[in-house]
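The values are calculated or read from the model by the stated rules, or taken from the named source; none is laboratory data. Please read these numbers as outputs of a predicted model, since none were measured by experiment. As a convention, Cβ positions derive from the backbone with ideal geometry for all residues, glycine included, and neighbour counts pool all protein chains shown.
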Ligand code: F6P
Ligand code: MG
């Protein structure tokens, strides 16, 4: 059974809301999210009625009110009605941002008949972006698979740390990750990347994974595409080098946040890699299939990961599952926001005093894309704010934040 404290030790500050004038939250709720709804129209061939409803949703977001969720037979329909209770008849910009965003993506599925029997059932409205993302990163994928194969053949001390950096920066496929690769394949452009890591606990994570045998590592996964390839390379390295016996991936039960990965996206990715004519990639894909077939790599999904709940509101069954892991790797910005309940913490608040509810040691690999961050040194905040006014939200800065188990 799990004995960690049920919630943060620190008093809860207010949540981010879209009505905060001039904030990135306001920009996202009133501008960026409506644009995502309109992109769903452009990237699919839904019926005129569906497209009209998507356009209405886009219009409502800026100044309108939360609509009810029609019963589209989704398994989470009753849960969403419970979640909606506290925000009925409120405006999109007045409810907590995390609620607004998670509900928006659930409404997209109701509007596009994702759960309803019929021709649109189980059509992922973001499939085009997921497939394009994977194809566009083939060059990077070939480089990384070649590197992983080499690290597995000739173990190198910083292989694991490098894979943590790839997992961190994965959803940014700019080739700056590789500039040193062409010449010496020993390390990628660490210096440039290191300067952009605002908290770097990579060595603690590497120690935990290499000092003594580790039975199980769980990932709360983020995006499909090259980020998922990076995550799967880290998974393969952990399993093929026998540093870890088993890895569990916690994936989304339905499409959300545009690129967030589902179980089908893992299988699509493995199939895509298998179909390339590049030996380093196909041998990597073959190992992945072996890991899944042998039960050492377990793919699971849960509706908690698409709910608007704070991480500490996790159902006990899922919390007890996470407690079996020796390390929990939490990927990306939205999962980081969930860890903190998407609230206005101070940048220098101790992350350990907030995520003390976790039943296992955790490392967050997160590029900053929202105005929620903790655990920074004040001098780091001062320095980065001077060098880049958009540092909190432009995805150019990251953290590798390790929190040991709460004792
Ligand atoms: O910053 C915009 C945004 O949609 C945030 O609302 C969200 O947290 C983030 O992008 C999703 O990024 P990630 O895929 O890293 O969770
Ligand atoms: Mg995501």
Checklist outcome for this item: Note on the range 3-37: residues surrounded by 16 or more Cβ atoms within 10 Å (Cβ to Cβ) and more than 19 Å from residue 98 (Cβ to Cβ) are 4
Next on the checklist: So, in the range 102-122, how many residues would count as being touching a helix residue (DSSP H, G or I) at 6+ places or on another chain (Cβ under 7 Å) and either within 16 Å of ligand 1 (Cβ to nearest atom) or without any contact (Cβ under 8 Å) to a residue 12 or more places away in the chain (or both)?
Outcome noted: 5
Next on the checklist: Criterion first (touching a helix residue (DSSP H, G or I) at 6+ places or on another chain (Cβ under 6 Å), under 15 Å from residue 334 (Cβ atoms) and in the same structural domain as residue 299 (by TED's automatic domain parsing)) does residue 261 satisfy it?
Outcome noted: yes
Checklist entry - Going by the conditions given, is residue 353 at pLDDT 95 or above and out of contact with any helix residue (DSSP H, G or I) (no Cβ under 9 Å at 6 or more places or on another chain)? => result yes
Checklist outcome for this item: Screening 254, 267, 250 for residues that are away from ligand 1 (no atom under 16 Å from the Cβ) and either within 13 Å of the chain's Cα centre (by Cα) or at pLDDT 95 or above (or both) leaves only 267
Item to check | Elements of type helices (runs of 4 or more DSSP H) contained in the range 292-389, each with 3 or more residues being away from ligand 1 (no atom under 15 Å from the Cβ) | outcome: 316-322, 378-387
Checklist entry - Out of curiosity, is residue 278 over 14 Å from the mean Cα position of the chain (by Cα) and either within 16 Å of ligand 1 (Cβ to nearest atom) or on the phi < 0 side of the Ramachandran plot (or both)? => result yes
Checklist entry - How many of the residues in the range 298-318 are over 18 Å from the mean Cα position of the chain (by Cα) and in contact (Cβ under 8 Å) with a residue 40 or more places away in the chain? => result 1
Checklist entry - Looking at 232, 228, which one is under 28 Å from residue 102 (Cβ atoms), at pLDDT 95 or above, away from ligand 1 (no atom under 16 Å from the Cβ) and surrounded by 24 or more Cβ atoms within 10 Å (Cβ to Cβ)? => result 232
Item to check | Which numbered condition residue 393 misses (of (1) under 25 Å from residue 232 (Cα atoms); (2) within 16 Å of ligand 2 (Cβ to nearest atom); (3) part of a loop (DSSP other than H, G, I, E, B)) | outcome: (1)
Next on the checklist: Take the conditions assigned to a loop (DSSP other than H, G, I, E, B), in contact with a helix residue (DSSP H, G or I) (Cβ under 7 Å, 6 or more places away or on another chain) and either at pLDDT below 95 or within 16 Å of ligand 1 (Cβ to nearest atom) (or both) and apply them to residue 125. Does it pass?
Outcome noted: yes
